[in-house]
1. Contour minus end-to-end for S73 and R198, with contour as 0.36 nm per residue of separation and end-to-end as the Cα-Cα distance?
2. How high is the FRET efficiency between V191 and T37 when r is their beta carbon distance and R₀ equals 51 Å, given to the nearest 0.05?
3. Mind giving me the nanometre distance, one decimal, between the label points for L129 and D55, set 7 Å out from Cα along Cα→Cβ?
4. Over 26 Å between Cα atoms: which of K75/K266; K103/K281; K104/K244; K74/K246; K103/K276 fall into that group?
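What follows is calculated from the coordinates using simple rules that are stated; it is not laboratory data. It should be emphasised that the depicted structure is a prediction, and the values quoted were computed from it without experimental measurement. When we count neighbours, we look across all protein chains shown, and the Cβ atoms used for this are built from the backbone with ideal geometry, even at glycine.
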Amino acid sequence: MEEPVGDFNNLPEGCIANIVSLTTPRDACRLSLVSSTFRSAAESDAVWDKFLPSDYQSIVSQSSTAASKCFHSKKELYLFLSQNPLLIDEGKMSFQLDKENGKKCYMLCARMLFIVWGDTPRYWRWISLPEARFSEVAELVSVCWFEIRGWINTRLLSPETLYGAYLVFMPSPAGSYGFEYQSVDVSVAIVGGETHQRTVFLDAERGRRLRYQIVPRRVGIFNRARFVPVAEENNNLDDLQCPKEKGDGWLEIELGEFFNQGEEDKEVEIGVYEIKGGNWKGGLVVQGIEIRPKAYP
C-alpha cells in the first residue's frame, strides 16, 4: 500500500494539484494529510480557486464585511464564505457557500418577499431582532389570509444542482396560534415549468406532540395508556412535515425542491399560503426564505 503513495509523491506538485481540484473540498482536506507534498498541493490557491464559484469576486465585493478583510489564501476565503453568511444586495439577501461542496446558498430577507397585508400594521409589523441576519424581520400579528411568496433567478445559483427552499421563522415571544391543526400549502416552481405542491405544518410543537403521544395499550385484561414515542409505532418521522430547529434559534420547514440545470435564466417562485381555512392565526416571526443545495437521494 505504501508504493502507490510514493509514486504519487514523485509527481510534480502542479499535477497533484490538478488531480485534487477534481475532487471536493472535503477530499482536499483529507488528501492534505497524506504527505507534505500532498499538503502543499491540496492547500494551494490553484485547488481552492476551483472550489470557489466563478463570480465570487463580484459577490464578495457587495459585502463590506468580506471586502474589508485580507485573505491570505483561497482556502481561507472559502472557509470564511462557508461559515459566515454575507449580506449582499443592500442587505436584502445573504450569501454563503455550502461547506461540503462549495455550492451557492442564499436567503431572501422578509422585505424581499411578497407578503399579503405585509404593510398593514394591524396584520403584520416589522421589527428588529439581535439574532436575525437582517435588519428587519416580519412578525405576523393576526390574519385569516396567510400568503408569502418569493422569487430567485436560477442564474444566481450553482448549475447542475438540486436545491431545496425553506421558510426560516420562529414563534413570537407570546407564542403562535391558529397553526396547531391547520395545515399550510407550500409550492416551488420554475416559472413556465412544473409546480411542486404539498402541505406542511408551521406549529413548532406539532412534531414533539406527534413523537410522544398517549397511546392506549392492552396489558392483560386492563387497558392502560402511556406516553409512547411514535418511532415505536411509525418509523416515518421524516415524513412528518413539521418545523425543525436550525441550531441558531430559528426553525425551518422545507417548502419543496427543484433542479437547477444552469443552462438558462429562469425564475423560481416559492409560495407559502393558507387561504382556505378562514381561521385567524398569528404569532410567527419570519426571517426569510433560504435556498440551499440538497444531497441527492
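1. Once the chain is fully extended between S73 and R198, it gains 40.6 nm.
2. Details: r = 50 Å, r/R0 = 0.98.
The pair V191/T37 has a calculated efficiency of 0.55.
3. 3.0
4. Working: K75/K266 31 Å; K103/K281 36 Å; K104/K244 22 Å; K74/K246 28 Å; K103/K276 37 Å.
Where the Cα-Cα span goes over 26 Å, the pairs concerned are K75/K266; K103/K281; K74/K246; K103/K276.
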